[in-house]
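The values are calculated or read from the model by the stated rules, or taken from the named source; none is laboratory data. On a predicted model such as this, the values are computed, not experimentally measured, just so you know. Positions of Cβ are backbone-derived with ideal geometry, glycine not excepted, and every protein chain shown enters the neighbour counts. Accessible surface areas use protein heavy atoms only, side chains included; no ligands, DNA or RNA. Shrake-Rupley method; radii C 1.70, N 1.55, O 1.52, S 1.80 Å.
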Amino acid sequence: MTARIAVLGSCNMDLVAYVPTAPRRGETVTGTAFRTVPGGKGMNQAIAAARAGGDVLMIGAVGDDGFGGGLRAALTAAGVDTAGLRTATGPSGTAHIVVDDDGGNAIVVVPGANGSVAGLAPGDEDLIASADTLLLQLELPLDGVLAGARAARAHGVRTVLTPAPARPLPEELLRLVDLLVPNEHEAQTLTGHADPGAAARALLDLVPEVVVTLGEAGSLYAARGAEPVTVPAVPVRAVDTTAAGDTFTGALAVASGEGRPMPDALAWAAAAAALSVGRPGASSSMPDRAEIDAFRTGAAHPVPEHEGRTAR
Ligand code: RIB
């Protein structure tokens, strides 16, 4: 069974500088490389899900600048349906990213056209209703995210929310979510609990299922009425962690949308994320289904040593 996934979210052109060490305030450093890579949390999840084998459509906006066409083309090239992608007057969303030698990053997002998605456009509700799962993040105006979640609930579509960038959220939105996928920091922002287990327990008052992603420590899955499960991450040499979480969520949506049990779906998603951190960039780092399957069965090494920095 193919997972049918709608994504309501952001499209950004990522402007990525690679540096040995990120500059401190007031400091200028010399970078080793620069790349422009299609990204944005919404678009990343859409491309990750499509590469993982989902039937994916994207709802959002790009600008009428030079980046807009490139973002649209990247979605199309990945097999994502762009019927719900509008072109707004003005600049596309951009993300200004510094990646250091450990693969860690710092990001400034300028919303651009994403800021125009403050509600659903004609036809968007039908697109959402045509899917089994709606993926949401927080790089659109909150009113737009809420409108999508309301439409999904009205049509019995399972809603998965990545609450990133971290911010407090209205209870109405959380009650419309079926699966929440925060990282530890986002879970703490929502609950006040630094301990992921305590945060997950608190979130279960509002959301039936929670996956707290824990970076190198894997993920913690909690559901109402069940014992929490910890799923390990796959250890890899990190080249660029940008969009690892988006890759995880896109692959998880595909696997769970195909009806796989959550622990199996989470392990498969962890394999996808591990493959992505071994490669540079956001959408450019995402594996396809065959790669994920091969990696899961041990038939492929996740991070060939010849890939990575020299591939930039
Ligand atoms: O989650 C990674 C994404 O965050 C990047 O692609 C960048 O666009 C920012 O939105």
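Only one of the numbered conditions (1) in contact with a Pro (Cβ under 7 Å, 6 or more places away or on another chain); (2) open to solvent by 20 Å² or more (accessible area, probe 1.4 Å); (3) within 28 Å of LEU275 (Cα to Cα); (4) of a type in the set (A, V, I, L, M, F, W, C) is violated by ALA166, and that is (1). Selection of segment 73-89 for residues being assigned to a loop (DSSP other than H, G, I, E, B) and at negative phi yields ALA78, VAL80, THR89. Within segment 228-253, the set of residues being farther than 14 Å from ASN183 by Cβ, of a type in the set (A, V, I, L, M, F, W, C) and within 15 Å of the chain's Cα centre (by Cα) comprises ALA251, ALA253. Residues that are of a type in the set (Gly, Ala, Ser) number at least 1 in the following strands (runs of 3 or more DSSP E) confined to segment 90-179: 93-99, 105-110.
Going by what's in this entry, would ASP246 be described as modelled with pLDDT of 95 or more and in contact with a helix residue (DSSP H, G or I) (Cβ under 8 Å, 6 or more places away or on another chain)? Here the answer is yes, as ASP246 does meet what is asked.
For segment 80-93, the candidate set comprises residues that are in contact with a Gly (Cβ under 6 Å, 6 or more places away or on another chain) and farther than 10 Å from ALA61 by Cα; within that set, the residue that is surrounded by the most Cβ atoms within 10 Å (Cβ to Cβ) is PRO91.
Residue-by-condition table, conditions (1) within 16 Å of the ligand (Cβ to nearest atom); (2) surrounded by 19 or more Cβ atoms within 10 Å (Cβ to Cβ):
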{"residue": "GLY63", "(1), (2)": "yes, yes"}
{"residue": "ARG72", "(1), (2)": "yes, yes"}
{"residue": "ALA106", "(1), (2)": "yes, no"}
{"residue": "VAL110", "(1), (2)": "yes, no"}
{"residue": "ALA129", "(1), (2)": "no, no"}
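Per-residue answers, yes or no, for (1) among the small types (Gly, Ala, Ser); (2) outside any loop (DSSP other than H, G, I, E, B); (3) crowded, with 16+ Cβ neighbours inside 10 Å:
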residue: GLU227; (1), (2), (3): no, no, no
residue: VAL234; (1), (2), (3): no, no, yes
residue: ALA251; (1), (2), (3): yes, yes, yes
residue: VAL254; (1), (2), (3): no, yes, yes
residue: ALA267; (1), (2), (3): yes, yes, yes
residue: ALA273; (1), (2), (3): yes, yes, yes
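The one condition from (1) closer than 26 Å to VAL239 by Cβ; (2) of a type outside the set (A, V, I, L, M); (3) in contact with an Asp or Glu (Cβ under 9 Å, 6 or more places away or on another chain); (4) surrounded by 15 or more Cβ atoms within 10 Å (Cβ to Cβ) that ASN114 does not meet is (1). Here ARG86 passes the criteria (1) more than 25 Å from ARG237 (Cβ to Cβ); (2) among the basic types (Lys, Arg); (3) within 16 Å of the ligand (Cβ to nearest atom) except the one numbered (3). For THR2, the requirement of being more than 16 Å from the ligand (Cβ to nearest atom), β-branched (Val, Ile, Thr) and either under 30 Å from ALA294 (Cβ atoms) or open to solvent by less than 50 Å² (accessible area, probe 1.4 Å) (or both) is met.
Is it the case that some residue within segment 23-41 is without any contact (Cβ under 8 Å) to a residue 24 or more places away in the chain, out of contact with any Leu (no Cβ under 7 Å at 6 or more places or on another chain) and within 13 Å of the ligand (Cβ to nearest atom)? No, segment 23-41 has no match at all. Got at least one residue in segment 7-15 being more than 15 Å from the chain's Cα centre (by Cα) and within 16 Å of the ligand (Cβ to nearest atom)? Yes, segment 7-15 contains a residue that is more than 15 Å from the chain's Cα centre (by Cα) and within 16 Å of the ligand (Cβ to nearest atom).
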